[in-house]
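J.: Take a look at this one; I'll ask things after.
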Amino acid sequence: MLFAVLTVGSGWPEGSWIRRVTGDAGILLILTAIVGRAWCSLYIGGRKKSELVQEGPYSLCRNPLYSFSIIGTFGALAQTGSLLLTLAFTAVTVLIFMAVVRQEEVYLSRAFPEAYPIYAGPTPRFLPDPRLWRTSQELTIRPGLFVRTLLDGLPFLAAWPLFEFIGRLHDGPLPPLMRLP
């Protein structure tokens, strides 16, 4: 991926409205991913293997942590300024998560043989369904896990200055091998 990012530049001129909108939307998606991943950790924090979490973001879809990670990936890659490159690598990310999810589903089916099929039936894998929202009145939070998940999401923000730097290289002394829209 790094090779592609270093050798492929945005087809949109630096400072153009579409490049600015793409970059700004990407930052919003990165922030959404960081906050969303932290929200998920409030509900699953340390309970992942001991119980089937079905509340909060896990009531909307079965894999909200991965969903928010996909959003963060899209946002980070949007910083390249190339929609084509962003879509291609986000698609690869989705395929990787699909493989991981299939393995996790086998584990969950074995660990929770009665509850998992009932939960999985109506609950989508990745795309949330707001009609399914449910939560309890109380939530036990493990602050250490929450902070760790919050910090785990911060590397998405590193994409902003990294791709800004690479973009300046592409517009200056190290032009890319090709430019993609």
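J.: May I ask you to derive the relative contact order of the chain, considering only C-alpha pairs under 8 Å and at least 6 residues apart, and to give it as an integer percent? Mind dumping the intermediate values first?
T.: On the way: 233 pairs, mean separation 74.3, N = 181.
Relative contact order here is 41 percent.
J.: Let me have the 222 nm mean residue ellipticity of the chain computed from DSSP H runs of 4+ only, each contributing -39500 (n - 2.57), with the sum over all residues rounded to the nearest 500.
T.: Calculated from helices alone, the mean residue ellipticity at 222 nm is -21000 deg cm²/dmol.
J.: Roughly speaking, to the nearest percent, how much of the range 1-114's 1.4 Å accessible area is carbon and sulfur?
T.: 70 percent
J.: Given R₀ = 25 Å, FRET efficiency for residue 50-residue 98 by Cβ-Cβ distance, to 0.05?
T.: The calculated FRET efficiency here is 0.50.
J.: Counting only heavy atoms of the protein chains, get the accessible area per residue of the chain (1.4 Å probe) and round it to a whole Å² value. Could you put the intermediate results ahead of the total?
T.: Details: 10430 Å² over 181 residues.
Ligands and nucleic acids excluded, the result is 58 Å² per residue.
J.: Please report, ordered by residue number, every helix of the chain (full DSSP H runs) that is 20 Å or longer along its axis going by C-alpha atoms and whose mean Kyte-Doolittle hydropathy reaches 0.0.
T.: The answer, listed by residue number, is 17-44, 64-78, 83-111, 155-171.
J.: Same structure again: What shape does the range 44-127 have by the C-alpha gyration tensor, where a ≥ b ≥ c are the square roots of the eigenvalues, rounded means a/c under 1.5, and otherwise prolate means a/b greater than b/c and oblate the rest?
T.: prolate
J.: May I ask you to list the trypsin sites (Lys or Arg not before Pro) in the range 114-161 that are in a DSSP loop and have at most 13 other Cβ atoms within 10 Å of their Cβ?
T.: Within the range 114-161, the qualifying trypsin sites (Lys or Arg not before Pro) (loop, at most 13 other Cβ atoms within 10 Å) are 134.
The values are calculated or read from the model by the stated rules, or taken from the named source; none is laboratory data. Quantities reported herein were computed from a predicted structural model and do not represent experimental measurements. Here the Cβ is made from the backbone with ideal geometry for all residues, glycine too, and neighbour counts use every protein chain on show. We work out accessible area using only protein heavy atoms, side chains counted, and drop any ligands, DNA or RNA first. Shrake-Rupley method; radii C 1.70, N 1.55, O 1.52, S 1.80 Å.
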